[in-house]
Amino acid sequence: MCHLIVGTEDHVKQLRLLHAVRNDLSKRDDQICITSGSFGEGLDMRGSDLDIMCVYRDKEVYDVKPCLNQHKSYLSMDTEDVKPGFTQLRLDYCVDQILFENCEQFANKFYLSSTIWKPRIPLNEKIIIHGPCFSDRHGYSDIAICLHCKTWVFAARHWITRSNNSWPGYDVKQSIMRHGVLFVPIGVKGSPNEDLEWRI
């Protein structure tokens, strides 16, 4: 029955491979796009939208300070006074004027504003903001402009050890942890610093 809804196992594998190849071909020096959601998993279900995460490679978030590359901008996580699953991103080293212009000063430090960062694509009658994403008015696709931390962050440590009926399995968890964490530009609704918060 399941193969009638989402396709055969081979069909799902082929779709995953197709999306992986497309992601690889669209890679640029400063950005990589990742097909996520059901399409990224190889599921072609009626009514599903296409979810794409565009990750900037010339900007890096960290939890534990790495060796700095002078050609990248760096932001550190500040999880004080934010709800679990969210952080503020403090600018520590900047080589990008536009990134600096997207920051707000708070307590003598500069934080990247999720509200200012979000409209990086010009909005028009066909493109709207939907949560942390840009969407077309028909709901066919969502694009999130993300930032990346290369390592697994302390704030997400509980995910590794939580009891969850063995899904995902150990190997899948290890693979996920090796790829690090993404941050999308949306804060906790109603929070006093909502415009400075990012979802982990």
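The values are calculated or read from the model by the stated rules, or taken from the named source; none is laboratory data. These numbers come from a predicted model, not from an experiment. Using ideal geometry, Cβ is built from the backbone for each residue, glycine included, and neighbour counts are taken over all protein chains shown.
Would you be able to tell me the number of residues in region 125-145 that are more than 22 Å from ASP195 (Cα to Cα) and in a strand (DSSP E or B)? Show your work before the answer.
Step one: filter region 125-145 for residues more than 22 Å from ASP195 (Cα to Cα), giving 125-126, 136-141.
Retained after the next criterion (residues that are in a strand (DSSP E or B)): 136, 141.
Summing the residues that are more than 22 Å from ASP195 (Cα to Cα) and in a strand (DSSP E or B) in region 125-145 gives 2.
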note = For region 151-200 the number of residues that are among the β-branched types (Val, Ile, Thr), touching a helix residue (DSSP H, G or I) at 6+ places or on another chain (Cβ under 8 Å) and in a loop (DSSP other than H, G, I, E, B) is 3
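Which fully enclosed strands (runs of 3 or more DSSP E) of region 1-115 have 1 or more residues being surrounded by fewer than 19 Cβ atoms within 10 Å (Cβ to Cβ), under 15 Å from the mean Cα position of the chain (by Cα) and modelled with pLDDT of 90 or more?
Those strands (runs of 3 or more DSSP E) span 50-62.
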task = Return only the number of the condition from (1) touching a residue at least 60 places away in the same chain (Cβ under 8 Å); (2) closer than 21 Å to VAL82 by Cα; (3) in a loop (DSSP other than H, G, I, E, B) that HIS148 does not satisfy.
result = (3)
message = Testing SER163 on (1) modelled with pLDDT under 80; (2) touching a strand residue (DSSP E or B) at 6+ places or on another chain (Cβ under 9 Å); (3) of a type in the set (Gly, Ala, Ser), one condition comes back false. Which one is that?
response = (2)
ask   = Do we find a residue being farther than 20 Å from ARG57 by Cβ, crowded, with 17+ Cβ neighbours inside 10 Å, among the aliphatic types (A, V, I, L, M) and within 17 Å of the chain's Cα centre (by Cα) anywhere in region 164-185?
value = no
